[in-house]
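Following: one structure in structure tokens, then a few remarks.
The values are calculated or read from the model by the stated rules, or taken from the named source; none is laboratory data. This one's a predicted model, so the numbers in the text were calculated from it and none came from an experiment. We place every Cβ from the backbone using ideal geometry, glycine too, and count neighbours over all the protein chains shown.
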Amino acid sequence: MRRIGRFVFLGLVLFFAAAGTSWGAELGPLPKSDEAHLDAPKAIPFDLPALKRNWRERIAAIKAQGTLPVIDIESSFNGNKLPLRQFAQAMDKAGIALIAFSHDAGNPKWADIAARVVSADPWRFIPTTNGGVHPAWTEAPKEFLAETFKHAVPDGYPLLGEFEFRHYPSPRQIQRREFFRDVTVPINGPLGQELFAFAEKTGLPFEIHYEIEDALLPPLEEMLGRYPKAKVIWCHLAQIRYSARSSIYGPAYLRGLLAKYPNLYIDVAFGDNFSKYPGSDEYHARVWNAGSVKKEWVDLIVEQPWRFLAAFDLGGDRQDQLPEYNRNLRKFLNQIPEPAREIVAYKAAWKLLFGEELP
Ligand SMILES: [Zn+2]
């Protein structure tokens, strides 16, 4: 009896010690107000070790609540339209650990607003350089790149924003008859060369928006082959706007691409199964078969989970839709078996950005 009693006692001690680590974990204080970022000091250069301590603790706290934490690798914001405190509350409620947040509104060559967001809330946002979008990227791309390069390393950004090399107008822009976002920047042209070379030299990952079409695949492969150390996140897994222009891409093609180019990553920001692209009137999120993820995609993700990254693609004009984007992303993640699900949800992003594996 005494022996058993001692084991029970030891077991209880261990239980409380383990539980204590999660009880101690925090989601992090909420930012003071919805406008807290507007007059916050710039947090540059970023104190990444301190930020990472907060972020790890937040991830642990979400896990301790029994929720799968998510790191969203691709969302953007407009500082003037971001209700920071409410947004942080919505993240807490949804179990979103971190958002790689990039500024893309108004679009001067450079803006430090992501650094102010991080200073107002050092628990929830991974600072990301400004997105390569219209008009800065389309009208003065060389200056835009030069400013991005000037800040990225000295300020300590762990990630460069999404560069639009081939981008069709978004569904909402088509509905508004806005076609300025029909962007073509040759990925193997001078701007692409500069960006890939910079990424290779610095080790900083960057994101591309690049529609999936037969004619666009060879130039992308040319660049991946020429800059094998550049870490490229190709956003929007299997989002095809016009099926007639895409006969090559599919799970088999992507499996080959991932095998050939070890620094290629894919994010899973795509619409739900009933979302139609108004330009073509087609269901553009091709991973779905009705409400299920097609088996071939699940198989590929299970084989290579470290190469797939959770993402929302929330834009500055739809920040209030986080709950809906969260539901959609989790509908997808829930169909990926463990341990791949946990890797795609947050572990792969952490490893890509910081070169470490989370427990
Ligand atoms: Zn995109």
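If the condition is being more than 13 Å from the ligand (Cβ to nearest atom) and either on the phi > 0 side of the Ramachandran plot or buried (at least 16 other Cβ atoms within 10 Å of the Cβ) (or both), then segment 183-193 contributes V185, I187, N188, L191, G192.
Please count how many residues of segment 205-249 are acidic (D, E), closer than 22 Å to I301 by Cβ and away from the ligand (no atom under 12 Å from the Cβ).
Step one: filter segment 205-249 for residues acidic (D, E), giving 207, 211, 213-214, 221-222.
With closer than 22 Å to I301 by Cβ added as a condition, the list becomes 207, 211, 221.
Right, trim to away from the ligand (no atom under 12 Å from the Cβ) and you get 221.
The qualifying residues number 1.
Taking the criterion of being hydroxyl-bearing (S, T, Y) and assigned to a loop (DSSP other than H, G, I, E, B), the residues of segment 160-191 that qualify are Y168, S170. Annotation note: Cβ proximity below 9 Å between a residue of segment 203-226 that is over 8 Å from I187 (Cβ atoms) and a residue that is part of a helix (DSSP H, G or I) and within 16 Å of the ligand (Cβ to nearest atom) (sequence gap 6+ or interchain) occurs for F206/L195. Whether a residue is over 22 Å from K347 (Cβ atoms), exposed (fewer than 14 other Cβ atoms within 10 Å of the Cβ) and not acidic (D, E) was assessed, and S275 does not pass this test. Could you please let me know if D272 is within 23 Å of the chain's Cα centre (by Cα), more than 15 Å from the ligand (Cβ to nearest atom) and of a type in the set (D, E)? Here the answer is yes, as D272 does meet what is asked. Name the residues in segment 225-256 that are among the aliphatic types (A, V, I, L, M) and either surrounded by fewer than 18 Cβ atoms within 10 Å (Cβ to Cβ) or more than 20 Å from the chain's Cα centre (by Cα) (or both), would you? Listed by number, the residues that qualify are A244, I248, A252.
Would you call F101 aromatic (F, W, Y), in a strand (DSSP E or B), within 16 Å of the ligand (Cβ to nearest atom) and over 30 Å from N334 (Cα atoms)? It is false that F101 is aromatic (F, W, Y), in a strand (DSSP E or B), within 16 Å of the ligand (Cβ to nearest atom) and over 30 Å from N334 (Cα atoms).
Yes or no, residue by residue, for (1) touching a residue at least 40 places away in the same chain (Cβ under 8 Å); (2) out of contact with any Cys (no Cβ under 8 Å at 6 or more places or on another chain); (3) among the charged types (D, E, K, R); (4) more than 16 Å from the ligand (Cβ to nearest atom):
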{"residue": "N263", "(1), (2), (3), (4)": "no, yes, no, yes"}
{"residue": "Y277", "(1), (2), (3), (4)": "yes, yes, no, no"}
{"residue": "I301", "(1), (2), (3), (4)": "yes, yes, no, yes"}
{"residue": "A310", "(1), (2), (3), (4)": "yes, yes, no, no"}
{"residue": "A345", "(1), (2), (3), (4)": "yes, yes, no, yes"}
{"residue": "K351", "(1), (2), (3), (4)": "yes, yes, yes, yes"}
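Assigned to a strand (DSSP E or B), within 12 Å of the ligand (Cβ to nearest atom) and at negative phi - does that describe any residue in segment 146-159? Checking segment 146-159: not a single residue is assigned to a strand (DSSP E or B), within 12 Å of the ligand (Cβ to nearest atom) and at negative phi.
Among the criteria (1) polar (S, T, N, Q); (2) within 16 Å of the ligand (Cβ to nearest atom); (3) modelled with pLDDT under 95, the one Q175 does not fulfil is (2). From the set of residues in segment 56-81 that are surrounded by fewer than 24 Cβ atoms within 10 Å (Cβ to Cβ) and closer than 21 Å to A40 by Cα, which is farthest from the ligand (Cβ to nearest atom)? Once the filter is applied, the top-ranked residue is N80.
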